[in-house]
Amino acid sequence: MKAITIFVIFFLFSSFAYSYSQSDTELFRLSDTNRKKSEKLFILAAKHVDNKEIKKAVKHYKLAIKYNPVYVEAYYNLGKAYDKQNKQDKAISQYALALKYNPKYTKAYNSLIYIYKKLGRLEEMAKHYKLAIDYDPKYSWAYFNLAGLYFDINNNVDAIKNLKLAIKHSPKYADSYNNLGVVYWKEGKLEKAEEQYKLAIEHDPKHVVSYNNLGAVYLQEDKLVQAEKQLKLAIKYDPKFYYAYYNLGLVYLKQAKPEQAAAQMKFAISNNPKLSDTSNNFGIAYYQR
């Protein structure tokens with residue numbers, strides 16, 4: 001029989017509702033006339049964005065910057081406008097200028113990193129996470145996502161280190177506990193993984209992914225009753241969460257319940273035909289009926 005895969009979910013990229021702000025006037029002394037002109041142009045540019053008139057928005061953000069050369073929000077929003085035009089290099093340059101005039105402007109880090117993620121530039125992502133942390137050592141979002149990068153390159157030591165720091169500074173964020181559990185699971189430390197999944201659920205009683213992952217731990221340990229319970233809870237809170245159906249199908253296979261296994265596998269396939277192992281295991285369940 002082909003080796004089966006148990007699906008455990010890790011959140012690779014997330015964003016916290018968090019940002020610094022700093023008044024542009026703290027950085028540059030402007031005349032009242034120029035300040036008012038730049039603010040009016042900024043508002044006009046924002047209206048163009050709302051109307052999806054990005055070319056006009058770019059023009060007016062540039063004019064706003066002309067009257068206020070250190071207008072951090074204008075650089076940032078000009079970068080966003082360029083990104084909407086798929087002009088990533090220009091967007092990157094504007095985010096960099098926003099950070100030049102306010103190194104603690106974390107929204108710019110967020111957007112820069114998002115672009116680097118789209119471009120697959122992992123080293124630049126890591127660099128800017130670390131810069132964000134340098135300016136704010138309590139910035140949980142940066143620790144969380146930096147851990148994701150380390151996880152992706154199989155650097156579990158640094159992934160664990162950064163997830164623990166994310167938890168330290170945002171102890172109620174369930175995804176951090178979940179991800180720490182996944183790293184432990186990956187290392188074969190099932191007891192530690194179980195502990196983290198339970199903490200995630202404690203902080204978010206409807207954390208579907210952690211119910212799935214906890215069920216996967218129990219499945220791997222052949223604690224099939226506990227596995228079934230957790231996977232059914234995942235499905236209860238998200239009836240379309242196909243990974244839980246897949247794993248529940250594996251539970252039923254191990255319990256020699258081929259009809260129930262086939263039903264779960266069939267649902268998993270119908271919602272995500274790309275699941276690599278499901279088709280094989282569905283065939284096993286069907287054959288055993």
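A single member of 104, 198, 118, 127 is modelled with pLDDT of 95 or more and not polar (S, T, N, Q), and it is 198.
Table: residues versus (1) over 27 Å from the mean Cα position of the chain (by Cα); (2) among the basic types (Lys, Arg); (3) surrounded by fewer than 16 Cβ atoms within 10 Å (Cβ to Cβ).
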site	(1), (2), (3)
42	yes, no, no
47	yes, yes, yes
61	yes, no, no
75	no, no, no
83	no, no, no
86	no, no, yes
94	no, no, no
97	no, no, no
110	no, no, no
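Kindly indicate whether residue 91 is within 27 Å of residue 61 (Cα to Cα) and either modelled with pLDDT of 95 or more or in contact with a Pro (Cβ under 7 Å, 6 or more places away or on another chain) (or both). It is true that residue 91 is within 27 Å of residue 61 (Cα to Cα) and either modelled with pLDDT of 95 or more or in contact with a Pro (Cβ under 7 Å, 6 or more places away or on another chain) (or both). A count restricted to region 112-124 and to residues that are surrounded by 13 or more Cβ atoms within 10 Å (Cβ to Cβ) and over 21 Å from residue 84 (Cβ atoms) stands at 1. Being crowded, with 16+ Cβ neighbours inside 10 Å and out of contact with any Ser or Thr (no Cβ under 6 Å at 6 or more places or on another chain) is a property that does not hold for residue 52. Note on region 56-71: residues that are outside any loop (DSSP other than H, G, I, E, B) and of a type in the set (Ser, Thr, Tyr) total 2. Does residue 180 meet the test of being within 18 Å of the chain's Cα centre (by Cα) and without any contact (Cβ under 8 Å) to a residue 60 or more places away in the chain? Judged against the criteria, residue 180 is a match.
The values are calculated or read from the model by the stated rules, or taken from the named source; none is laboratory data. Just so it is clear, the model here is predicted, and its values are computed rather than measured. Every residue, glycine among them, receives a Cβ derived from its backbone with ideal geometry; neighbour counts consider all protein chains shown.
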